[in-house]
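Accompanying notes for the structure given below.
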Amino acid sequence: MKINIITLGCSKNLVDSEVLGTHLHKFKNKIIFDGEIDSGKIAIVNTCGFINDAKEESIETIMNLVQAKQEKSIEKIYVMGCLSERYKKDLISEIPEVDGFFGVNDLPEILSSLNADSKNILHGERLISTPSHYAFLKIAEGCNRQCAFCAIPMIRGNHISQPVENIVAEADYLTKNGVKELMLISQDLSYYGKDLYGEYHLRKLLDELVKVEKLEWLRLHYLYPTDFLEPVLDLMAQNPKICSYIDIPFQHISSKILKSMKRGHSEKSVRDLVDLFRKKVPDVALRTTMIVGYPGETDEDFRKLVDFVQQADFDRLGVFTYSEEEGTSAAKFKDDVSAELKQERLDEIMEIQSSISLKKNQEKIGKIFKVLIDREEQDYFVGRTEFDSPEVDNEVLIPKTKKLKTGLFYNVKINSAEEFDLIGEVE
Ligand code: SF4
């Protein structure tokens, strides 16, 4: 059968879709990732249920598939992932055209609905939906933190780490099949191993992963601002395989707001951590995310955040407006910041960040960087430096003066800069 797996939401969902596709492929099915609505007789949508916007996008995708089924351009629809985990009962009664709803831990069930099973041990084997030279490597699922605004622990459950040997086997398999860059992901990378080995084990995992021969770049995503990151930073400073790149959501800087968010850290600990990162890994690119408009956020709290963003000089920054999520502890607070003011605050932070990003990009003019080519576009080859993660960060545009190959590294001299892009030529 031709099976179209549509993935919404985060990179963790993407890996779940790829694992499902790998098992289905073993049963002689042709797997398409994120194809057109009618590109497979069977459509599976891996949904996101994190915040309102994501839920709406998931419902819209399901309804488009229902229409395609009514028009007989597809035969079956299956829904999995976070939205389905969270609202299964309602969805079953509201959208009867769907042939099956599955949660986030229902791989055996969805496989048996498709006359397949997960008996085939993969030993790290995985079909990937990303360009063949990079892939996401999920080292754990679930989360043991209790951030007041977040529904993920309710959806994904407690933190469960993958054993080191399984992760290394997957990295080995993927790099032997052309992958050069791996993004290490989970809900909370910092907590890795605490459940399985009784200690924070991220450094020991990295010590094993850097031994994977064909691996060139290893990138750390979703770190949590806690106090044991030094051993990880030491290795990042020593080993060129680990990108000088840290993705660590701080969410806010006001200690009052951080306390209400149950983040377990304060303004001082965040500032100390940023200083530590820059002391240990001087060329590190820092990516973070912030939430504006959290219940009780006064203008004074917001000014603190503005000052911090101006001072901290993040390389990459994303901002979200607070979205009340039923069942979270923050949902009991009055959502007292208006939608307009939330948007105003988001816009103000992003304006500051755009000028910071431009300034930092201009500082790169005249310098030479190792660039991985991701794709070819009409007038440019598009790549990234080690300071940029795929799909979320800056890109390097290289005019087509000579033929470059996707998936290869080149030394590129930067000639000009824009807010979120660099322009250069191969040396
Ligand atoms: S660390 Fe906090 S924000 Fe992140 S998944 Fe866990 S509970 Fe949610």
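The values are calculated or read from the model by the stated rules, or taken from the named source; none is laboratory data. Note that this is a predicted model, so its numbers are computed, not measured. Ideal geometry is used to build each Cβ from the backbone, glycine not excepted, and the neighbour counts take in all protein chains shown. Surface accessibility is based on the protein's heavy atoms, side chains included, excluding ligands, DNA and RNA. Shrake-Rupley method; radii C 1.70, N 1.55, O 1.52, S 1.80 Å.
Listed here are the residues, each with its yes/no results for (1) more than 16 Å from the ligand (Cβ to nearest atom); (2) over 22 Å from the mean Cα position of the chain (by Cα); (3) assigned by TED's automatic domain parsing to the domain that holds GLU216; (4) part of a helix (DSSP H, G or I).
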position: PRO231; (1), (2), (3), (4): yes, yes, yes, yes
position: MET236; (1), (2), (3), (4): yes, no, yes, yes
position: SER244; (1), (2), (3), (4): yes, no, yes, no
position: LYS256; (1), (2), (3), (4): yes, yes, yes, yes
position: SER269; (1), (2), (3), (4): no, yes, yes, yes
position: ARG278; (1), (2), (3), (4): yes, yes, yes, yes
position: GLU297; (1), (2), (3), (4): yes, yes, yes, no
position: LEU317; (1), (2), (3), (4): yes, no, yes, no
position: GLU325; (1), (2), (3), (4): no, no, yes, no
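Can you confirm whether region 363-374 contains a residue that is assigned to a strand (DSSP E or B), open to solvent by 50 Å² or more (accessible area, probe 1.4 Å) and of a type outside the set (A, V, I, L, M, F, W, C)?
Initially, region 363-374 is screened for residues assigned to a strand (DSSP E or B), giving 368-374.
Subsequent filtering for residues that are open to solvent by 50 Å² or more (accessible area, probe 1.4 Å) retains 368, 370.
Cutting the leftovers down to of a type outside the set (A, V, I, L, M, F, W, C) gives us 370.
Within region 363-374 (the criterion being assigned to a strand (DSSP E or B), open to solvent by 50 Å² or more (accessible area, probe 1.4 Å) and of a type outside the set (A, V, I, L, M, F, W, C)), the answer is yes, since at least one residue qualifies.
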So which pairs qualify, if the first residue must be in region 136-154 and open to solvent by less than 30 Å² (accessible area, probe 1.4 Å), the second must be within 6 Å of the ligand (Cβ to nearest atom) and outside any loop (DSSP other than H, G, I, E, B), the Cβ gap must be under 9 Å, and the two must be at least 6 apart or on different chains? GLY142/ILE152; GLY142/PRO153; CYS143/ILE152; CYS143/PRO153; CYS147/PRO153
Restricting the search to region 44-78, which residues are in contact with a Cys (Cβ under 8 Å, 6 or more places away or on another chain) and surrounded by 17 or more Cβ atoms within 10 Å (Cβ to Cβ)? THR47, CYS48, GLY49, PHE50, ALA54, LYS55, SER58
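Can you list the helices (runs of 4 or more DSSP H) found entirely within region 78-176 that contain at least 3 residues being more than 30 Å from ILE373 (Cβ to Cβ) and in contact with a Gly (Cβ under 7 Å, 6 or more places away or on another chain)?
Numbers: elements: 82-94, 107-113, 152-156, 164-176.
The qualifying helices (runs of 4 or more DSSP H) are 82-94, 152-156.
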Taking the condition of being charged (D, E, K, R) and within 11 Å of the ligand (Cβ to nearest atom), how many residues in region 133-165 meet it? 3
If we ask which residues in region 185-211 are open to solvent by 50 Å² or more (accessible area, probe 1.4 Å) and either in a loop (DSSP other than H, G, I, E, B) or in contact with a Lys or Arg (Cβ under 9 Å, 6 or more places away or on another chain) (or both), their number turns out to be 5
Is there any pair with a first residue in region 165-190 that is of a type in the set (D, E, K, R) and a second that is within 16 Å of the ligand (Cβ to nearest atom) whose Cβ atoms are under 6 Å apart and which are 6 or more apart or on different chains, and what are they? ASP188/CYS143; ASP188/TYR224
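Taking the residues in region 212-236 that are over 21 Å from ARG263 (Cβ atoms) and without any contact (Cβ under 8 Å) to a residue 40 or more places away in the chain as candidates, determine which candidate is most open to solvent (accessible area, probe 1.4 Å).
Top of the filtered list is GLU213.
Of these, GLY100, GLY124, GLY81, which one is modelled with pLDDT under 95, surrounded by 17 or more Cβ atoms within 10 Å (Cβ to Cβ) and within 30 Å of LYS30 (Cβ to Cβ)? Break it down stepwise before answering.
On the way: GLY100 fails: modelled with pLDDT under 95; GLY81 fails: modelled with pLDDT under 95.
That would be GLY124, the only listed residue that is modelled with pLDDT under 95, surrounded by 17 or more Cβ atoms within 10 Å (Cβ to Cβ) and within 30 Å of LYS30 (Cβ to Cβ).
Going residue by residue through region 177-184, is there one that turns out to be over 19 Å from the mean Cα position of the chain (by Cα) and either within 16 Å of the ligand (Cβ to nearest atom) or surrounded by fewer than 19 Cβ atoms within 10 Å (Cβ to Cβ) (or both)?
In the first step, residues of region 177-184 are kept if they are over 19 Å from the mean Cα position of the chain (by Cα); the result is 177-178.
From the residues that got through so far, the ones that are either within 16 Å of the ligand (Cβ to nearest atom) or surrounded by fewer than 19 Cβ atoms within 10 Å (Cβ to Cβ) (or both) too are 177-178.
Taking every residue of region 177-184 in turn, at least one turns out to be over 19 Å from the mean Cα position of the chain (by Cα) and either within 16 Å of the ligand (Cβ to nearest atom) or surrounded by fewer than 19 Cβ atoms within 10 Å (Cβ to Cβ) (or both).
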